[in-house]
Each structure stands twice: as structure tokens, then as C-alpha cells.
Amino acid sequence: MEGSRLNGKKFSGLIIRKTKPKGTIILFRSGKFIIVGAENAHNCELLSKKLPKDLHKVLSISDISTKTFRVSNMIANGNIGYAVNIPRIA
């Protein structure tokens, strides 16, 4: 699949990087998946709907769909504008 990477020795999930909307889907053998790096909950939902379509193209299975989906955690990032001496703070 385009934008995917698998390294079975280090990690069991298939890493699928998407650009529109931007985010990364980690798909596991069980069929469960995690979406990381999306900018908002709406983009997470769009990515969850794209995954079955992409899998259908590769696997030619017609009844693939997202059975359950929920946004359970969001993260934020920022920048304080200067370098920090982490060992000194610790």
C-alpha cells in the first residue's frame, strides 16, 4: 500500500502515512488501528473512513468497513522559544 512501512522485527503494526488529511494510521493484525498525528478529531474520522477504502483497493474485499471508531486522546505541542538544559531542570 502506498505510504506504508512494515518492520516486523521491531514493531508488529503496519505504519501507513497519509497526506490528505495528514496523519499516520497504525494497523495491527487483529484489525484494530490507531491514528496519530492528525490535526483534529474531524481529520481522525476522515482517516478512519479512508482506511477501509484503501484496504479494499489492495485486498479486493468488498465488505471492509470501520466497525468501531472513537477519538480517545488528543495531544498538543508547542515551543517556548529557546533551548532548555533538561538535565539542569531534572
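Would you be able to say whether some residue in segment 67-77 is under 19 Å from residue 1 (Cα atoms) and surrounded by 10 or more Cβ atoms within 10 Å (Cβ to Cβ)? Give the steps one after another, and end with the answer.
So the first thing to find is which residues in segment 67-77 are under 19 Å from residue 1 (Cα atoms), and the list is none.
The answer is no, given that none of the residues of segment 67-77 is under 19 Å from residue 1 (Cα atoms) and surrounded by 10 or more Cβ atoms within 10 Å (Cβ to Cβ).
Scan 9, 22, 53 and give me the residue that is under 14 Å from the mean Cα position of the chain (by Cα) and either exposed (fewer than 14 other Cβ atoms within 10 Å of the Cβ) or not hydroxyl-bearing (Ser, Thr, Tyr) (or both).
22
Every read-out reported here was derived from the displayed coordinates using simple, explicitly stated rules and does not represent laboratory data. Predicted model only: the values in this text are computed from it and were never measured. Please note: Cβ atoms are built from the backbone with ideal geometry, for glycine as well, and neighbour counts cover all protein chains shown.
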